[in-house]
Structure formats: C-alpha cells, structure tokens
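Enquirer: The structure that follows is given in the form of structure tokens.
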C-alpha cells in the first residue's frame, strides 16, 4: 500500500483536532522530523522528510529522509547497517513536524560520526568562554564504514 496525503484542510480545527494525516510541508517541500529511541526516548537526530521519504517510512517501517546537502532521498542506515526501524510515528498539532520513535539496528548508532546520537556535544560556558563539551565516544569507526564518501 502506498501512503496518500490529502492537502491540509482550510479549517484550523480539522487540521489540529482531525484524524486525517495532512502533513504541511514547507516551501521547499520538507517537514522537520525529530527522531527518538523508542526504548528510552533519547533524542537521536533531527532531519527532514519530503513527501516521498514520509511515504516510504510509513510503507516500509524503515526511516527515510531527504538530505538537504546531497539533495537526495536517504534510507537511514543503508550504508552503516544502523537502520532505523520505526515503532511509532507522531505528528504535531499543526502537522508541520514529525516525531519518529525508532529502534536502531547494528551498532545502535545514529550519527555519521559513529555515535548513538547526533546530539553528543553540550554547550558550556566557563569564564565567559563558550565551548562544546563532547560527552560520548563513537560506537563504530566512520572511516571504515563510509568508504568512498
């Protein structure tokens, strides 16, 4: 079955309280996707989806995204083996952001740096100096996984 999206309703109440999935893609045809681990709700990444990526995610149960930098559809984990198996999809109140709750296969790493989460750096301030503090180590070696990239 291929997912089918209807246009967003003109009626705000139908958009916010209705049961039709009518994602509101931005001017570039994208919708923001927040990705969390379905086991512990850790935030793993933030990405974007176009219509095709959202349809494929719903149809296959595997997370797909749109890469703004490569301008290409992207099946998360296809190269690294760390596929994101979707347990739940949620959409926010005005249907312009998606939340995916996933289980990550392989090394259980989402970030291309080899870490579990793309949010592995914390902003710190010490004596007026703003820095980034790294709080996790890679779970795999990206140089070995992403050859030829």
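Enquirer: Here are some conditions: (1) at pLDDT 95 or above; (2) over 18 Å from residue 118 (Cβ atoms). Residue 21 meets all but one. Which one does it not meet?
Expert: Of the numbered conditions (1) at pLDDT 95 or above; (2) over 18 Å from residue 118 (Cβ atoms), the odd one out for residue 21 is (1).
Enquirer: If a residue counts only when it is within 10 Å of the chain's Cα centre (by Cα) and over 27 Å from residue 9 (Cβ atoms), which strands (runs of 3 or more DSSP E) contained entirely in the stretch 21-136 have at least 1 such residues? Spell out the reasoning first.
Expert: Working: elements: 31-37, 43-49, 64-67, 72-75, 84-91, 97-104, 121-126, 129-134.
Once the strands (runs of 3 or more DSSP E) in the stretch 21-136 are filtered for at least 1 residues that are within 10 Å of the chain's Cα centre (by Cα) and over 27 Å from residue 9 (Cβ atoms), what remains is 31-37, 43-49, 84-91, 97-104.
Enquirer: Out of the residues in the stretch 67-94 that are touching a helix residue (DSSP H, G or I) at 6+ places or on another chain (Cβ under 7 Å) and more than 18 Å from residue 21 (Cβ to Cβ), which is surrounded by the most Cβ atoms within 10 Å (Cβ to Cβ)?
Expert: 80
Enquirer: In the stretch 39-54, which residues are surrounded by fewer than 17 Cβ atoms within 10 Å (Cβ to Cβ) and over 18 Å from residue 70 (Cα atoms)?
Expert: 39, 40, 41, 42, 43, listed by residue number.
Enquirer: To continue, here is another question. May I ask you to say which residue of 47, 33, 72 is within 14 Å of residue 90 (Cβ to Cβ) and at pLDDT 95 or above? Quick ask: steps written out before the conclusion?
Expert: Details: 47 fails: within 14 Å of residue 90 (Cβ to Cβ); 72 fails: within 14 Å of residue 90 (Cβ to Cβ).
Every option except 33 fails the conditions.
Enquirer: Still on this structure, please answer the following. What are the residues in the stretch 5-20 that are free of Cβ contacts under 8 Å to residues at least 12 places away in the same chain and in a loop (DSSP other than H, G, I, E, B), if any?
Expert: 10, 11, 18, 19
The values are calculated or read from the model by the stated rules, or taken from the named source; none is laboratory data. If you're wondering where the values come from, they're calculated on a predicted model, not measured in any experiment. So basically every Cβ, Gly included, is an ideal-geometry build from the backbone, and we count neighbours across all protein chains shown.
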